[in-house]
Amino acid sequence: MLHILLLILKIIGIILAVILGIVVLLMCIVLFVPVRYEVHAACNGNMDSLKIKVTVTWLFHLIRGDIYYKKRKLMWRLRAAWIKRMKGQIKEEIKHEETGPFGMEEERKEHEDAEKIPEKEEGISKGGEESREESQKGQEKSFEESEYKEADEGTSHKEETLEKRKTLFEKIKDLLEKIKAFFRKIKDGFLSFYNKIKMLLEKKDRLVDFITDEIHKGAAKKAAGELLHLLKRLNPRKLTADIHFGFEDPCITGKVLAGLGILYPFLSEHVNVVPDFENRVFEGEIDIKGKVHGYYFFILCFNLLWCKDVRMTYKHIKNFEL
């Protein structure tokens with residue numbers, strides 16, 4: 001009996017060890033197998049010439065994603081092992097022109113239509129005489145009806161004038177009510193805006209105290225440092241660019257150039273940016289290659305959770321009420 005119990009425990013232990021090994025293997029794959037990406041973009045001065053290709057692969061191309069943008073059309077393709085999904089694939093439909101008996105039938109129909117034309121003309125000539133007689137009878141009836149209409153117009157004219165006066169007064173009343181409602185909306189909107197500003201001014205002191213607290217300052221400093229380290233790790237291993245850009249307003253060109261200057265520490269030596277302050281132009285090519293490991297984000301989360309200031313700030317934010 002004891003031997004059977006030990007055998008069962010041994011089997012359970014082996015199963016648990018296999019499950020634990022599989023979990024550890026999956027965690028190692030997620031953390032240490034990188035996600036590789038490639039980006040290529042080119043433009044010759046207008047949106048029609050813009051071409052973008054993005055490729056993302058993981059686990060030795062077992063999972064792959066492709067995104068294409070060309071001639072103002074977006075296409076994508078996703079493959080996970082043998083499962084494929086795609087959108088934007090152009091299918092060419094070939095139309096076959098049929099000849100033979102169908103062509104002979106069309107010629108026969110045209111010949112029959114040509115024979116029926118003189119018969120239609122005879123019917124039209126006969127119908128012309130009948131239409132003249134009917135028109136004369138119609139004119140006599142119209143004269144009789146016009147006499148009755150002139151008698152009715154006198155009475156109907158008075159009724160129409162009374163109705164017009166009533167509708168005019170009703171329109172004036174509706175217009176006055178709309179004007180009153182418009183001014184009421186303006187008044188209510190102004191009061192609600194005033195009340196919101198008053199509430200914000202009352203809560204300003206609490207917000208200032210919350211932001212200037214030493215614990216919260218330490219948490220913000222720690223988070224900013226960790227994000228900076230993450231950006232350095234995510235820096236692509238290959239980055240080449242040759243860009244020539246310019247806007248109609250030189251001020252906008254200068255602002256864009258200043259924004260790119262902030263990213264200068266993260267750019268490689270192979271990035272060439274040429275601004276044009278006189279013409280509106282955008283052309284060039286960009287090639288980016290890199291990889292991202294999962295343990296980058298694991299280290300970020302671990303360092304933030306290990307910091308006491310971050311944990312305290314999270315609790316304060318969760319319970320904070322204005």
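The values are calculated or read from the model by the stated rules, or taken from the named source; none is laboratory data. No experiment lies behind these values; they were computed from the predicted model shown. Reconstructed Cβ throughout: ideal geometry from the backbone, glycine too, with neighbour counts over all protein chains shown.
Data overview
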item	result
Odd one out for Tyr295, checked against (1) touching a helix residue (DSSP H, G or I) at 6+ places or on another chain (Cβ under 9 Å); (2) farther than 30 Å from Ala220 by Cβ; (3) of a type in the set (Ser, Thr, Tyr)	(2)
Filter result (part of a loop (DSSP other than H, G, I, E, B) and either of a type in the set (S, T, N, Q) or farther than 19 Å from Leu231 by Cα (or both)) within region 241-267	Phe247, Glu248, Asp249
Members of region 61-74 that are part of a strand (DSSP E or B), modelled with pLDDT of 90 or more and not small (Gly, Ala, Ser)	Ile63, Arg64, Asp66, Ile67, Tyr68, Tyr69
Those residues of region 268-314 which are in contact with a strand residue (DSSP E or B) (Cβ under 9 Å, 6 or more places away or on another chain) and part of a loop (DSSP other than H, G, I, E, B), in sequence order	Ser268, His270, Asp276, Phe277, Glu278, Asn279, Arg280, His293, Gly294
Qualifying residue in region 194-208 (condition: loosely packed, with under 10 Cβ neighbours inside 10 Å, modelled with pLDDT of 85 or more and assigned to a helix (DSSP H, G or I))	no
Qualifying residue in region 27-40 (condition: touching an Asp or Glu at 6+ places or on another chain (Cβ under 6 Å), surrounded by 10 or more Cβ atoms within 10 Å (Cβ to Cβ) and either touching a residue at least 24 places away in the same chain (Cβ under 8 Å) or not polar (S, T, N, Q) (or both))	yes
Residue identified as modelled with pLDDT of 95 or more and either among the acidic types (Asp, Glu) or closer than 30 Å to Gly294 by Cβ (or both) among Leu20, Leu31	Leu20
Members of region 209-255 that are in contact with a Lys or Arg (Cβ under 9 Å, 6 or more places away or on another chain) and surrounded by fewer than 11 Cβ atoms within 10 Å (Cβ to Cβ)	Ile211, Arg237, Glu248
